[in-house]
Amino acid sequence: MEGEEELQRETITSIPVLSQKFFYYSLHSNEATTSSYRLETQNLLKESNSTDNTVDWEVQYTSEPIMRVGVLTDSSGLSTTYVHNALQLPKLNAFFADNKEQIEVTTVPYQVFDNGDVSFEALGFDVIILYTNNFSPTNPLQPFQSSLERFASHGGVVLGLLCLGQSNNGVDLQSIQSFFGIDPEERFLLYRTSKPETEIHIQGEQEYFLPSYSIQNRYTVLPKGRNWHQIHHSSSTELGGIDESGYAALLRNQNRWFYSGFLSDHDFGEKPASLEFFLDLLRTIRNPLPNVTLEKVSIHPAIPTNDEDMEILSTIVNTSMVTVDQGSIRIGEEYVDFENLLPKETRHVSLTIKNQEIGKHTEEVVLDCEKDSNTTDNTFTLVYQVKEKDIEPVKPSLFIQDMFEFYNCMEIYGFVQPPGAVVQWNDTTITCNEDGSFVIVVDQKELDSVTLVPQMEDKIGDGVRVHLPWYDIKSIEMHLNDARAVANGQRIVMQQP
């Protein structure tokens, strides 16, 4: 509520005992101002304490963009309390404000909404911090890492602090090493250093960094039996800073940053240069230059005729932290303009081409943006076929080539004819490769078979029923010179060959 006006209303479903549920609200203002809001919940029947059902808070709207930094926590609230205590966020944000920096650090719980959006994407965070090796969620790690990949591909920045090795509950964090450009074969261990201070030297010339910082380094993660001077990393990863001993290091893999040490309010107090280092790191992370990416291009219809219009749909993403005022999509002499592409916004830009000649065409789709800081991802080569209208569409067909079973899924390999057809599996449409090949992953072991149907525009081919030969996992216990054995808990007798 704002004053007496109700702005939004949410319905609360059941909440389990000793747990909490998060609700997100969208507020806006057309001018720079400070507004007061009230959040109210209705009293429950026989509620023992209704005095905490109302919250009042103020929201400040600024004219300049703020870099929003979210420290990832779990939904239980336990790690949220730890982060607040460790970093003292109100004190930290006051320091940024005193230094005239438009930076705000807060906690954000990891939550996936019903539409597939992740909390830190939906809330518009610019930077996500994985804080210590006990960041959330470490289990399961794979779907969470996919969320990070998508966030980073759309311009979000991920900063890892001491987040390698093994979590406090025993989860191996090795798989996330490749996200930061570190060799996944490396084994990392957490150490408490014998010397809590170190001098980290910044590599190369950096706009915001000082040449070196004398900082706290009470804890660090190191590759087993080696130091950061000896680490293996990808060609896209660069060493941003390191101390003489190799016990503290800062790495950058494009918009993914990793610092091997631990930073907290205690460290900021013991060594003020630690706080300066953290501020300069966030200043460096903030990208003041526009950057637009041509993510993908598709055409409709997939195979047009020579007398119909063809729509070319280009997907562009603003991967920077500033608004891109204007730009255009160009194909030959045809072009269409776009304006006011917001930070991390994804937009589909349509361009129509008329009266194409019959045959194979190759076109360069170009994203033109005068202030774009990186033009290496602004071109897409589009190859398509134009057919004669009078030709009767061919009924598509589908063939299964091979199948492979893994521990928790089945991979089906096949191809369709003609190329350009798609495969329908229930309500899912699978796009095939240019040569007509496809692969489908089935991870539902309760299915005995799946039916795959080829489709080419309005033409639907004959469905192919694919039997899924799931194999039961067998455990067999045998002993030398003994014909008796145990298979899956059942006693059996083996016969001589």
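General remarks:
- E295 long-range amide H proximity, modeled H, under 5 Å: T315, I316, V317
- Expected 222 nm ellipticity per residue - DSSP helices of 4 or more, -39500 (n - 2.57), all of the chain, to 500: -3500 deg cm²/dmol
- Cross-link pairs exceeding 18 Å between alpha carbons, from the set K344/K371; K387/K459; K100/K344; K100/K271; K354/K389: K100/K344; K100/K271.
- Pairwise centroid distance, computed over Cα atoms, of the stretch 308-346 with the stretch 397-465, Å: 33 Å
- Cut-off 10 Å between beta-carbons: net charge of the residues surrounding L210, Lys and Arg +1, Asp and Glu -1: -2
- Rounded to the nearest whole Hz, the Karplus-based 3J(HN,Hα) values (6.51 cos²θ - 1.76 cosθ + 1.60, θ = phi - 60°) of the stretch 65-70 follow the sequence x, 9, 7, 9, 10, x, with x at glycine and proline.
- Shape call, the stretch 193-295: gyration tensor on alpha carbons, a/c limit 1.5: oblate
- With 10 Å bins from 0: P(r) over the chain, alpha-carbon pairs, percent: 3, 14, 20, 22, 20, 14, 6, 2, 0
- Per DSSP, loop GluC sites (Glu not before Pro) in the stretch 1-31 with at most 14 further Cβ within 10 Å: E4, E6, E10, E31
- Less than 5 angstrom separates the built amide H of H233 from those of D183, all sequence-distant by 5 or more or on a different chain.
- Going from the fewest other Cβ atoms within 10 Å to the most, the residues W470, W425, W257, W57 appear in the order W57, W470, W425, W257.
- Extension reserve of the L342-A32 stretch, reckoned as 0.36 nm per residue once the Cα distance is removed: 109.8 nm
- Computed from phi, the 3J(HN,Hα) profile of the stretch 232-237 under the Karplus parametrisation 6.51, -1.76, 1.60 (θ = phi - 60°) reads 9, 9, 6, 5, 7, 9 Hz, with x in place of Gly and Pro.
- Subtracting the Cα-Cα distance of E205 and R226 from 0.36 nm times their residue separation leaves 4.9 nm of extension gain.
- Cα centroid separation - the stretch 99-113 against the stretch 1-45, whole Å: 19 Å
- Ordering H28, H201 by the number of other Cβ atoms within 10 Å of each residue's own Cβ, fewest first, gives H28, H201.
- Prolate/oblate/rounded call for the stretch 1-135, Cα gyration tensor, a/c under 1.5 rounded: oblate
- Gyration tensor (alpha-carbon) shape descriptor, the stretch 61-168, a/c threshold 1.5: oblate
- Fewest-first sequence of Y25, Y37, Y247 by Cβ atoms within 10 Å of each Cβ: Y25, Y37, Y247
- Residues in the stretch 245-260 carry Karplus couplings, in order, of 6, x, 8, 9, 8, 10, 10, 10, 10, 6, 9, 10, 10, 9, 10, 6 Hz; the curve used is 6.51 cos²θ - 1.76 cosθ + 1.60 with θ = phi - 60°, and Gly or Pro positions show x.
- Computed from the C-beta positions of H300 and L7 and an R0 of 56 Å, the FRET efficiency is 0.90 to the nearest 0.05.
- Cβ-placed point charges (K, R +1; D, E -1), dipole of the stretch 137-198 about Cα centre in debye, nearest 20: 180 debye
- The loop-placed chymotrypsin sites (Phe, Trp or Tyr not before Pro) in the stretch 83-159, going by DSSP, that have at most 11 neighbouring Cβ atoms within 10 Å of their Cβ come out as F113.
Rule-based calculations on the coordinates, nothing more; no lab input. These numbers come from a predicted model, not from an experiment. Ideal geometry is used to build each Cβ from the backbone, glycine not excepted, and the neighbour counts take in all protein chains shown.
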